[in-house]
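The values are calculated or read from the model by the stated rules, or taken from the named source; none is laboratory data. All of these numbers come straight from a predicted model, not from anything done at the bench. Glycine also receives a Cβ, built like all others from the backbone with ideal geometry; neighbour counts cover every protein chain displayed. The accessibility values were calculated without ligands, DNA or RNA, using every heavy atom of the protein model including side chains. Shrake-Rupley method; radii C 1.70, N 1.55, O 1.52, S 1.80 Å.
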Amino acid sequence: MNKYEVARVLSSIGLLLELKGESFFKAKAYYDAARTVEMLDEDIETVVYENRLGQLRGFGQALTSKVTELVTTGKMAYYERLQKTVPPGLIEMTKIPGLGAKRIRTIYESLGISTIDELKKACLDNRIASLKNFGRSMQQNILNGIENLDKIKNRFLYVRAEELAADILKDLKDGARVTAEVVGSLRRKTEIVSDIDIIAMLPGDTGSGEILDLFTGHRFVSEVVSTDDFKSSVVLANGMRCDLRMVSDSRYPYALYYFTGSRGHNKAMARLAEQKGLRIDESGLYRGDCRINISDEAEIFDLLGLQYIPPELRENTGEIEAALRSELPELVTGSDIRGILHVHTNYSDGTDSIEKLADYCVKEGYEYIGICDHSKSAHYAGGLSVEDIKRQHEEIDLLNEKYCSCSFRILKGIEVDILPDGSLDYDDDVLEWFDFVIASVHSSFRMDGDKMTRRVLTALENPHVNILGHPTGRLLLAREPYSIDIGAVLKKAAEKNVIIEINANPHRLDLDWRFCRPAKQSGCMFAINPDAHRSEEIDEIRFGLNVARKGWLTARDIVNTLGVREIMGLFREKRGI
DNA sequence: GCCGTTTTCGGCCCGACTGTTTTCAGTCG
């Protein structure tokens with residue numbers, strides 16, 4: 001059992017205790033313990049077997065014996081008992097904004113409501129508004145929250161779909177030695193997907209039976225919706241739909257093409273084919289009744305007189321016109337990225353030391369890492385006091401001496417809060433200490449649009465700000481972007497040479513790819529940042545690359561494709577140093 | 001539930017905000 005699994009159980013106990021109305025501090029003890037475990041630099045099993053759990057801060061007798069039981073037996077009796085005393089519907093309710101443990105408990109205890117369906121009905125019957133400290137407005141907010149939950153029911157984060165699809169695809173390829181690929185929105189790398197579509201090439205000599213058996217019998221499958229000789233549709237354990245379609249080798253490239261494109265892209269391609277006296281559909285490209293034989297998908301674009309259009313661009317946003325003129329951009333790739341910016345350490349809410357994060361970047365072949373912990377107002381995230389900053393900078397200086405021999409560099413950065421009035425969370429004389437500054441909004445999200453826009457524009461005026469962090473604050477499937485005039489923000493950023501972050505955290509993917517081209521047209525530069533809170537999350541930069549590619553960006557648009565000297569020069573120049 | 005002591009029990013993170021109230025309760029980051 002790894003440390004993250006243990007941490008999950010401990011956090012879950014914290015939530016259950018809150019829902020039961022136990023002392024918040026008792027719950028907090030479990031949350032704190034979860035975090036301590038997550039931050040362990042070594043294997044939790046080693047710590048347990050060497051009886052060193054009790055030496056960890058926040059681990060007394062109770063936690064030591066409970067976590068020992070969990071790690072050695074895979075179970076914790078206390079957790080299992082606790083789960084039985086709290087209806088699962090109450091845990092679901094914590095997803096409704098504005099409903100915390102106390103309100104959920106009030107609803108449960110005074111009205112006996114234990115599921116979201118019952119809660120919805122109670123709202124419609126006006127029974128919630130009459131509870132003490134609730135009221136009509138709160139009742140309406142709960143209803144809105146439930147509606148939003150319904151809306152996202154069959155929508156999933158790209159990252160989750162990608163993991164599942166990769167596993168299914170691997171099993172099909174390994175088990176049936178079949179050529180197969182993921183298509184649809186997942187291949188176009190959209191941030192939210194509703195299902196997984198897979199195309200497989202029918203083996204010439206055998207039937208489709210073996211592939212279908214592997215597919216419908218996959219361990220992720222919870223229900224087989226339909227199956228015939230060439231198609232199967234299943235529902236996976238997380239509720240996601242997954243479709244497999246099998247086609248002959250001659251139709252395979254066409255199926256790959258057809259089931260990848262967005263509807264708009266396919267329609268536009270069909271119109272183009274028509275203009276050229278051809279016809280295209282999922283089965284092939286036809287001249288009259290005669291299908292043109294091809295061996296791979298790229299030939300389709302050739303035959304239509306187009307530059308190859310990468311799947312990410314097939315959204316019908318001008319890619320066909322650009323491909324006709326051979327003006328598609330050369331999209332940025334992972335190998336263009338030379339350095340990593342925006343990484344949190346255990347000085348604030350990250351779990352790893354600066355050294356561990358830096359070592360990870362060295363191993364991955366990056367040339368620099370920009371450390372950016374939270375600023376002092378971010379109490380919840382252990383934001384850095386001025387003394388903490390001094391301590392961290394001393395440590396970075398020492399580490400940089402160590403990395404000097406391998407030409408790796410740690411940059412001193414900060415993710416400074418943009419306060420509600422647009423000022424920054426440190427004085428200018430403190431901001432001067434950093435190599436670069438990311439400014440982000442982390443509080444008062446519900447300001448009206450004018451106020452929020454003014455707030456961010458004011459922050460962009462500060463000469464110390466190099467990068468605007470997660471510019472719209474959205475959390476995919478969880479929180480809408482804050483109300484802001486993004487056009488005005490991008491214009492001001494371009495004017496003040498402030499780089500726009502493409503936050504690569506799969507829950508954020510902010511800036512949205514749809515804004516990348518307008519931002520570039522305004523004159524903005526971009527940084528693809530992982531916003532990592534532990535070393536492995538540095539790899540999440542690939543999700544940011546998806547955004548940049550979907551946004552038509554090239555390596556020249558991205559500042560962290562620069563070497564360390566060039567990027568330091570850029571940061572200094574902007575700040576007039 | 002843990003910690004640090006006053007070795008037996010009080011304190012544990014906090015400020016902004018929302019919505020409820022009419023001075024406060026609960027949520028959120």
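Assorted remarks:
- Helices (runs of 4 or more DSSP H) wholly inside the stretch A:215-321 containing at least 2 residues that are open to solvent by 60 Å² or more (accessible area, probe 1.4 Å): A:263-275, A:298-303
- Within the stretch A:97-118, residues that are more than 16 Å from A:Glu22 (Cα to Cα) and open to solvent by 50 Å² or more (accessible area, probe 1.4 Å) have Cβ atoms under 8 Å from residues that are within 11 Å of DNA strand B (Cβ to nearest atom) and basic (Lys, Arg) in these pairs: A:Pro97/A:Arg479, counting only partners at least 6 apart in sequence or on another chain.
- Contacts under 7 angstrom Cβ, first residue in the stretch A:434-454 being within 8 Å of DNA strand B (Cβ to nearest atom), partner part of a helix (DSSP H, G or I), 6 or more apart: A:Met447/A:Arg455
- All conditions but one from (1) at pLDDT 95 or above; (2) closer than 30 Å to A:Cys516 by Cα; (3) aliphatic (A, V, I, L, M) apply to A:Leu399; the one that does not is (2).
Residue by residue, here is whether (1) touching a His at 6+ places or on another chain (Cβ under 7 Å); (2) on the phi < 0 side of the Ramachandran plot; (3) among the polar types (S, T, N, Q); (4) not assigned by TED's automatic domain parsing to the domain that holds A:Glu536 holds:
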site: A:Tyr308; (1), (2), (3), (4): no, yes, no, yes
site: A:Arg314; (1), (2), (3), (4): yes, yes, no, yes
site: A:Thr345; (1), (2), (3), (4): no, yes, yes, no
site: A:Gly383; (1), (2), (3), (4): yes, yes, no, no
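- Identity of the residue in the stretch A:144-187, open to solvent by 20 Å² or more (accessible area, probe 1.4 Å), among the hydrophobic types (A, V, I, L, M, F, W, C) and out of contact with any Phe, Trp or Tyr (no Cβ under 9 Å at 6 or more places or on another chain), that ends up nearest to DNA strand B (Cβ to nearest atom): A:Leu149
- Complete set of residues in the stretch A:535-577 that are within 29 Å of A:Asp41 (Cβ to Cβ) and more than 14 Å from the chain's Cα centre (by Cα): A:Ser535, A:Asn560, A:Val564
- Check on A:Gly21, open to solvent by 10 Å² or more (accessible area, probe 1.4 Å), within 11 Å of DNA strand B (Cβ to nearest atom), outside the structural domain of A:Arg479 (by TED's automatic domain parsing) and over 30 Å from A:Ile142 (Cα atoms): no
- Subset of the stretch A:477-501 (residues that are assigned to a loop (DSSP other than H, G, I, E, B), open to solvent by 20 Å² or more (accessible area, probe 1.4 Å) and within 16 Å of DNA strand B (Cβ to nearest atom)): A:Leu477, A:Ala478, A:Glu480, A:Pro481, A:Ser483, A:Ile484
- Here A:Val416 fulfils each of the conditions (1) out of contact with any helix residue (DSSP H, G or I) (no Cβ under 9 Å at 6 or more places or on another chain); (2) in a strand (DSSP E or B) apart from (1).
- Those residues of the stretch A:545-577 which are farther than 23 Å from A:Pro463 by Cα, in contact with a Phe, Trp or Tyr (Cβ under 9 Å, 6 or more places away or on another chain) and part of a helix (DSSP H, G or I), in sequence order: A:Asn546, A:Val547, A:Ala548, A:Arg549, A:Lys550
- Matching residues in the stretch A:119-135 - criterion: being open to solvent by 50 Å² or more (accessible area, probe 1.4 Å), within 14 Å of DNA strand B (Cβ to nearest atom) and modelled with pLDDT of 90 or more: A:Asn126, A:Arg127
- Residue, nearest to DNA strand B (Cβ to nearest atom), within the stretch A:91-114, restricted to residues that are of a type in the set (A, V, I, L, M) and outside any helix (DSSP H, G or I): A:Leu99
- A:Val47 open to solvent by less than 20 Å² (accessible area, probe 1.4 Å) and more than 14 Å from DNA strand B (Cβ to nearest atom): yes
- Any chance A:Lys28 is exposed (fewer than 14 other Cβ atoms within 10 Å of the Cβ), of a type outside the set (Asp, Glu) and either in a loop (DSSP other than H, G, I, E, B) or within 13 Å of DNA strand B (Cβ to nearest atom) (or both): no
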